[in-house]
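> Following this message is one structure expressed as structure tokens.
Each value in this text was obtained by applying a stated rule to the coordinates, not by laboratory testing. None of the values given here were measured: they were computed from a predicted structure. Virtual Cβ from ideal backbone geometry, glycine too; neighbours counted across all protein chains shown.
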Amino acid sequence: MDTVLSKEKGTRRPNVYATITETIVKAIEAGAGKWHMPWHAPETALQRPRNVVSGLPYKGVNILALWAEAQLRSYPTGHWATYRQWQELGAQVRKGERGTTVLYYKQLPLEAEDAETGDTVRDYRLIARAFNVFNGAQVDGWKPWEKEPIDLVETHRIVEDFIDATGADIRSAGTKAYYDRLGDCIFIPDRFRFRGSPTSSATEGYYATVFHELTHWTGHHRRLSRDLSGRFRSEGYAMEELVAELGAAFLCMEYEVTNVPRPDHAAYIASWLKVLKADTRAILAASTHAYQAVEFLLSN
């Protein structure tokens with residue numbers, strides 16, 4: 001049964017955010033020694049979580065929750081659905097399988113009278129519903145569709161066009177990648193400095209790095225004006241890095257580019273875990289800011 005998160009008197013509110021945070025924290029802790037985040041796992045990084053019935057991708061924090069669960073349980077597919085939806089497809093969730101919690105936000109219309117004009121003011125508030133979904137690997141009677149091969153040449157052309165369309169000032173210089181907030185420009189090492197790995201090519205590493213810095217770039221006051229220091233105080237810098245990390249992961253998913261960990265990510269893991277454990281809604285905030293950044297970049 002779906003759980004409505006409401007503020008009605010006497011209604012028990014399940015802490016869905018804590019459940020999702022716990023899943024992600026477990027995944028991070030499981031691979032922290034190798035800087036292994038749920039969105040870096042090669043078997044899950046390119047698996048865009050989708051609802052098997054509607055075909056629509058999951059968004060925001062739900063992406064992270066499903067990535068983390070897929071990594072922890074080694075699910076080979078990114079297809080998910082509720083118990084009833086699998087039944088509608090003629091498949092059956094196996095006995096004893098545990099679902100993964102995701103959130104769905106529904107707009108609830110509200111009406112109020114303006115105290116000064118007497119006019120009726122219409123607005124809405126968001127009601128979060130918690131659902132349990134099951135991966136295709138947890139059901140019998142269904143087989144995933146064969147994935148079409150990736151045309152790497154075409155993918156690289158599309159990514160280059162996307163980067164150009166953002167209008168960001170990207171300069172090739174030095175040996176470190178970073179966003180200069182005062183100069184409002186991005187510095188990226190020359191492409192020849194990037195090296196491949198067992199799970200990604202040098203080109204994919206380059207694009208993942210550019211995506212990370214582009215996410216930082218969206219936070220400038222002339223764009224999304226993102227400032228996390230107010231809520232997270234001393235951890236604001238680490239949280240901004242997490243937003244950029246997630247933004248890069250979402251963009252890598254969008255363009256089917258393997259998301260590779262940066263060497264400096266290890267320095268932030270302890271800070272990320274600290275703030276996630278202290279604030280169960282921190283991962284929701286980070287993923288929301290990252291998704292907003294991605295939407296901004298894709299709108300150009």
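> Pull out the extension gain between Leu273 and His220, defined as 0.36 nm times the separation in residues minus the alpha carbon to alpha carbon distance; nm, one decimal. Display every interim value, and only then the final one.
On the way: separation 53, 0.36 × 53 = 19.08 nm, distance 2.58 nm.
Taking 0.36 nm per residue and subtracting the Cα distance, the gain is 16.5 nm.
> Moving to a separate point now. Given N residues in the range 178-228, what is Rg(Cα) / (2.2 N^0.38 Å)? List each step's numbers first, then the result.
On the way: Rg = 13.1 Å, N = 51, 2.2 N^0.38 = 9.8 Å.
Against the compact-globule rule of thumb, the ratio is 1.33.
> Amide H to amide H under 5 Å from Cys185: which residues, 5+ apart in sequence or cross-chain, H placed 1.01 Å off N in plane?
Hits under the 5 Å cutoff: Asp180.
> Still on this structure, I have one more. Can you sort Ile158, Ile24, Ile186, Ile163 by how many other beta carbons sit within 10 Å, fewest first? Please report the intermediate quantities before stating the final value.
Working: Ile158 14, Ile24 25, Ile186 22, Ile163 17.
Starting with the residue having the fewest Cβ neighbours, the order is Ile158, Ile163, Ile186, Ile24.
> At q = 0.12, 0.16 Å⁻¹, what log₁₀ I(q)/I(0) does the chain have when each alpha carbon counts as one equal point scatterer in the Debye sum?
-0.86, -1.38
> Translational diffusion coefficient, Stokes-Einstein: compute it for the range 184-300 using the Kirkwood radius over C-alpha pairs as Rh, at 10 °C and 1.306 mPa s, and state it as an integer in µm² s⁻¹.
On the way: Rh = 14.7 Å.
Stokes-Einstein gives a translational diffusion coefficient of 108 µm²/s.
> Here's another thing I want to ask about it. Fewest to most neighbouring Cβ within 10 Å: what's the order for Glu240, Glu146?
Values: Glu240 22, Glu146 6.
Sorted ascending by nearby Cβ count, the order is Glu146, Glu240.
> Could I ask something else about it? Please give the per residue volume of the convex hull enclosing the alpha carbon atoms of the range 250-300, rounded to a whole number of Å³. Spell out each step's value before the answer.
Values: hull volume 4.4 nm³, N = 51.
Value for the range 250-300: 87 Å³ per residue.
> For the range 88-185, run through the chymotrypsin sites (Phe, Trp or Tyr not before Pro) and keep only the ones in DSSP coil with at most 11 other Cβ atoms within 10 Å of their Cβ.
Working: sites: Tyr104, Tyr105, Tyr124, Phe131, Phe134, Trp142, Trp145, Phe162, Tyr178, Tyr179; in loops: Trp142, Trp145.
Those that pass, being in a loop and sparsely packed, are Trp145.
> Report the dimensions of the range 150-206 along its three principal axes from the alpha-carbon atoms, largest first, rounded to Å.
Ordered largest first, the range 150-206 gives principal extents of 38, 25, 15 Å.
> In addition: To the nearest 20 debye, what charge dipole does the chain have about its Cα centre, counting +1 at the Cβ of each Lys and Arg and -1 at the Cβ of each Asp and Glu? Numbers along the way, then the final one.
Details: 36 positive and 38 negative charges, 231 e Å.
For the chain, the charge dipole is close to 1100 debye.
> Show me, for the range 274-288, the HN-Hα J-couplings you get by feeding each phi into the Karplus relation (A = 6.51, B = -1.76, C = 1.60, θ = phi - 60°), rounded to Hz, glycine and proline as x.
4, 6, 5, 6, 7, 9, 5, 9, 5, 5, 5, 5, 4, 5, 5
> What number, rounded to the nearest 500 deg cm²/dmol, is the helix-based mean residue ellipticity at 222 nm of the chain, given -39500 (n - 2.57) per DSSP H run of at least four residues and division by all its residues? Don't jump to the answer; show the numbers that get you there.
Numbers: 9 runs with 121 residues, N = 300.
Value at 222 nm, helices only, nearest 500: -13000 deg cm²/dmol.
> From the phi angles alone, apply the Karplus equation (6.51, -1.76, 1.60; θ = phi - 60°) to the range 239-245 and give each ³J(HN,Hα) in whole Hz, x where the residue is Gly or Pro.
5, 4, 5, 5, 4, 5, 4
> How would Cys252, Cys185 line up from fewest to most surrounding beta-carbon atoms within 10 angstrom?
Numbers: Cys252 24, Cys185 15.
In increasing order of surrounding Cβ atoms, one gets Cys185, Cys252.
> Please report, in Å, the Rg and the Dmax of the range 130-227, where both are computed over Cα atoms only.
Considering the range 130-227 through its Cα atoms, Rg and Dmax are 18.5, 57 Å.
> Below 8 Å, C-alpha to C-alpha, sequence gap of six or more: please give me the relative contact order for the chain in percent.
Details: 457 pairs, mean separation 57.1, N = 300.
That works out to 19 percent.
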